[in-house]
Amino acid sequence: MYALEIRGLGKTFRGKKLRTVEALKGIDLCVEQGEVLGFLGPNGAGKSTTIKCLMGLIRPTVGSATILGRDIASAEARTSVGYLPENPAFYDYLSAEEYLLFVGRAFGMQGDLLSRRCEEVLKQLELWEPRRRLIRTYSKGMVQRVGLAQVLLHDPEVYILDEPMSGLDPIGRALVKEIVLDLKRRGKCVFFSTHITDDVEKVCDRVAVINHGELKVVDRVENILMRGTEGYAVSIAAADGSVEERVVAEAQLQGVISDAVAAGRSILKVEPRRKSMEAFFLDIVGH
Amino acid sequence: MLNIMMVTLKGIFRDRVFQGIMALAVLFLFIPSAASLSMRQVTELSVTLSLSLISFILLLLSVFLGGTSLWRDIERRYSYSVLSLPLRRSSYVLGRFLGLALFMLLTSTVLGLASCAAIAVSSTLYPAERPVVWGFLLLALVYATLKYVLLVAVALLLSTVSTSFFLPIFGTICTYLASGISQQVYEYVHSPAAAQAVSPMLKQAVTVAYYLIPNLAGFDLKLNAIYGVAPNPGGLALTAAYFLTYTAILLGASILVFNRREMK
Amino acid sequence: MSRHVATILLLAGLIGYGAVIVPFAGYMRAKPVEEKLGYVPSVKVLKSLSVDQKEVAGAALVFKVLMYYGTLMGDLPKGAIVNGPGDLPGMSRLLHAAVQLDPYNMDAYYFAQGILTWDAHQYQVANNLLDYGMKYRTWDWFLPFFAGFNSAYFLKDYKKAAHYYDLAGDLSGEPLYKSLASRYMQESGETDLAIAYLGGMVKTAKNEAVKKSYQLRLSAFQEVRRIEQARDRFRADKGSLPISVEQLVQSGYLKSVPVDPYGGSFYLGPDGKVATTSKFALGVTKK
Ligand SMILES: Nc1ncnc2c1ncn2[C@@H]1O[C@H](COP(=O)(O)OP(=O)(O)O)[C@@H](O)[C@H]1O
Ligand SMILES: [Mg+2]
């Protein structure tokens, strides 16, 4: 069973005056349990639309999807999901602690378990001190952390995060990355959208690139990086101690190395030269 | 559902609505002295003033709380974080409604106690010819509360349809105004006196509106409370049944509409 | 699931509504008139409650009375003695409140003139109200015209009547009103005065219920005049008063049996004054 299974998902928004926007044009995507998948795409690509469909906030025009085998049309599908909306807002007349209790109860948690988990996530996200303050007094970074806390609270199997790192300072971004890596270690499935290639490169197993409502590429991160190899930088030390640096294509690499060895020179370093993820991404989205 | 209900209540209290009501309730202190202006019926006038003040406060609450509660969640994007929880939309709507209804009940209880105190003071200062019948006063309060709870359901239905707070608030006010006179207008157009003046088309339109618009005139027991006139028990039962069925329809329709609502 | 809740609520509600609405509407229709007209808090309260919408509040009160009166007139059973004109003190209270909210509201004066005089016999109250109105509606000849009629016909205060008619004449530029008072000041002219007044009222009435009530009264007075004329011819011929209306019919002075539109029958008083058992429905059969 897939953690997420999206089949032919399409969404057309009806605007004013009969104008329509085809935000999603039939997306097929499966995410394994225990997998971290980066959903990469420029602004307006359809990332949030996909995620809102999954969370039952909007109804897909065509297609279907399941979360851990449960159809997204039912509220039950959301029981094993932690969802962080894009630029989240939470009932700001509650304190972080009260909000987490509210969320926990919505997931059917009670009593000791709920209060223990609350304390854990509040401490993990450094919200323990201000936990009694109303959310309306929080900074943006703190609100984002409340969002992560409510995602982690019930320890679900699937995490759907919509641009979890946008608008955060470097410390915040590092924290999010750490959390995602921790979830990966614990075998959870994380599906997060982003438009920053660096995030994907560091934490994801696979990446799905979306543009104009269509999936362009779905592949493992290392395959993409490998595919982008343009050649190798070879450093060769001559007998007189001078170092020669050459860039050679893959086909010539073998020859260059054996030539050097035959000439009695020593090979200091062979480094693959590859296009960055960013260049790869820019290629796909056509810039 | 209970969860949403508690959050709704908490939100109302945190927004200092209750403190606002308490500030308005200070007016009850002046009722005995204001009522003494009346030469003939001090107690009656204090009952009138108390009931009118309570009705007025409940009207404001039902229009503004009922009309803005869904709208605010959507406007401030709370709906993304709340409706993505494993909650059914029906629980959300019902929870909201029950939270608001509970708050109305709480308000009318507190204000009812305050008005009882005010009335007790005026009736001891100026004993009335007809003693106050506290049971009728209680009935009048209960039915006034039911009336405004029904209005909350109207406001909720309108806010599931609309994307702004404009329609819910003004729609609810209009419903309130129309519901007060629908009975009279209906009877008038169906009286022979109006036969020539009213076209059959208009007559039909009024009839349709009469059955569509909530008939809130039946919930008004002020007269019974003020003059100690016994209300008709059968009529009271019918009115209560009317409240239940009409509210059920409003809530059912609200859920149906809200189920289809997209959180874009 | 959510759909089921909605459907159940809707169905139960609709079925219940269907069962309740007919008896409920019946109960609402059968409510005692006093309860229908409702209780209006003291004018002081109303004034402060209506803030800067006093005109609307005043108009609403008049509208309420009109609606109520319209329904009453509609209840007229054909041929039977007319029902009492409902809750007269209630209507009077509302109209007084209305003019205190908006002293310019002509509808209120117009209507008060109708019910306070013919139905409630509160002639002085009516004239006081009209005096109050004249302080505001200084241009309006209707108010002194009404007051003049009341003074002459009901109160027999011919001096006052002449004063009012003078005023009405000045305001309307209609010399007719000046002559009205002097023309009909004798007892015998009373009926003509009433007919002239009622005829004018019927012609200018815009509200159906009001027009109907004036018409009814006008036709009663026309019958009275017919009897009076026959009676006077009888006395001129025979030198004595007739004993009864029947005698006038039998002796041919009356061509047809006079019909009281209020359902009563006409008779002659000992002094020859025409009267009717219905007393022109002046509240004798009030419930
Ligand atoms: N409510 C809406 N009405 C019309 N068009 C919309 C609506 N929401 C999103 N869109 C359009 O759908 C496309 C995808 O939007 P979105 O999924 O929010 O992009 P992103 O990948 O940045 O999250 C965009 O072109 C956007 O303009
Ligand atoms: Mg987005």
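Computed with a 1.4 Å probe over protein heavy atoms only, the accessible surface of region A:112-251 comes to 47 Å² per residue. Each label was represented as a point 7 Å from its Cα along the Cα-to-Cβ direction; for A:T20 and A:E214 these points are 1.8 nm apart.
Comparing the full protein assembly with the isolated chain (1.4 Å probe, heavy atoms, ligands and nucleic acids excluded), the residues of region B:150-195 losing at least 50 square angstrom of accessible area are B:Q184, B:E187, B:Y188, B:A193.
What accessible area per residue, rounded to a whole number of Å², is obtained for chain B using a probe radius of 1.4 Å?
With the other protein chains kept in place, chain B gives 41 Å² per residue.
Across A:M226, A:M142, A:M277, mean-square fluctuation computed from a Gaussian network of chain A (C-alpha pairs under 10 Å connected) peaks at A:M226.
The listed residues C:K206, C:K279 rank as C:K206, C:K279 when sorted by accessible area, largest first, using a 1.4 Å probe. If you take all other residues with their beta carbon under 11 Å from the beta carbon of C:A6, and give Lys and Arg +1 and Asp and Glu -1, the sum is +4. Rounded to the nearest angstrom and listed largest first, the equivalent-ellipsoid semi-axes of the protein assembly as shown from its Cα gyration tensor are 85, 28, 23.
Charge dipole of region A:4-225 (Cα centre as origin; +1 on each Lys and Arg Cβ, -1 on each Asp and Glu Cβ, all else neutral): 800 debye, rounded to the nearest 20. Inter-part distance, region B:182-248 to region C:109-159, computed on C-alpha centroids, equals 35 Å. Taking the Cα centre of region A:229-286 as origin and assigning +1 to Lys and Arg Cβ atoms and -1 to Asp and Glu Cβ atoms, the resulting dipole is close to 80 debye.
Equivalent ellipsoid of region B:2-260: semi-axes from √(5λ) of the C-alpha gyration tensor, largest first, are 33, 27, 15 Å.
What you get for the protein assembly as shown, charging only the Cβ of Lys and Arg (+1) and of Asp and Glu (-1), is a dipole of about 1680 debye around the Cα centre.
Here region A:21-70 is treated as a sphere whose radius is the Kirkwood value from Cα pairs; by Stokes-Einstein at 37 °C and 0.692 mPa s it diffuses with a coefficient of 271 µm²/s. Ordering A:S276, A:A262, A:V221 by Cα displacement along the dipole of region A:213-276 toward the positive end leaves A:V221 in first place; charges were set at the Cβ atoms of Lys, Arg (+1) and Asp, Glu (-1). R0 = 45 Å: FRET efficiency of A:D240 with A:K202, Cβ-based, nearest 0.05? The pair A:D240/A:K202 has a calculated efficiency of 0.65. Solvent exposure of A:W128, expressed as accessible area, is near 70 Å², computed with a probe of 1.4 Å over the protein chains only. Here is the interface size for A with B: some 2700 Å² of accessible area buried, both sides summed, with a 1.4 Å probe.
Using a probe radius of 1.4 angstrom, the carbon and sulfur fraction of the accessible surface of the protein assembly as shown is 59%.
The heavy atoms of A:H212 offer some 120 square angstrom of accessible surface to a 1.4 angstrom probe.
Suppose accessible area is computed on protein heavy atoms with a 1.4 Å probe; arrange C:K212, A:K140 from highest to lowest.
A:K140, C:K212
Placing unit charges on each Cβ (+1 for Lys and Arg, -1 for Asp and Glu) gives the protein assembly as shown a dipole about its Cα centre, and among A:T194, A:C30, C:A236 the Cα reaching farthest toward its positive end belongs to C:A236. Using a probe of 1.4 Å on the protein chains alone, the accessible area found for B:L24 is around 60 Å². Accessible-area loss of 50 Å² or more (1.4 Å probe, protein heavy atoms, chain alone versus all protein chains) is found in region B:73-91 for B:R77, B:Y78, B:Y80, B:S81, B:S84, B:L85, B:P86, B:R88. A crude spin-label estimate for the pair B:V229 and B:T109, with each label 7 Å from Cα along the Cβ direction, gives 3.1 nm. When all protein chains stay in place and ligands, DNA and RNA are ignored, the 1.4 Å accessible-area order of B:F30, A:F102, B:F165, largest first, is B:F30, B:F165, A:F102.
What is the mean number of Cβ atoms from other protein chains located within 10 Å of the Cβ atom of each residue in peptide B:246-256, rounded to a whole number? List each step's numbers first, then the result.
On the way: counts 6, 2, 10, 9, 3, 5, 10, 4, 3, 9, 7.
Mean number of neighbouring Cβ atoms from other chains: 6.
Only protein heavy atoms count here, probed at 1.4 Å, and on that basis chains B and C bury about 3800 Å² of accessible area in total. Springs between Cα atoms under 10 Å define the GNM used for chain A, and in it the highest mean-square fluctuation of A:D28, A:D240, A:D219 occurs at A:D240. When accessible surface is computed with a 1.4 Å probe, chains A and C are found to bury approximately 0 Å² between them, both chains counted.
The values are calculated or read from the model by the stated rules, or taken from the named source; none is laboratory data. This is a predicted model, so every value here is computed, not measured. Quick reminder, even Gly has a Cβ in these numbers, built from the backbone with ideal geometry, and neighbours come from all protein chains shown. Side chains included, ligands, DNA and RNA excluded: accessible areas come from the protein's heavy atoms. Shrake-Rupley method; radii C 1.70, N 1.55, O 1.52, S 1.80 Å.
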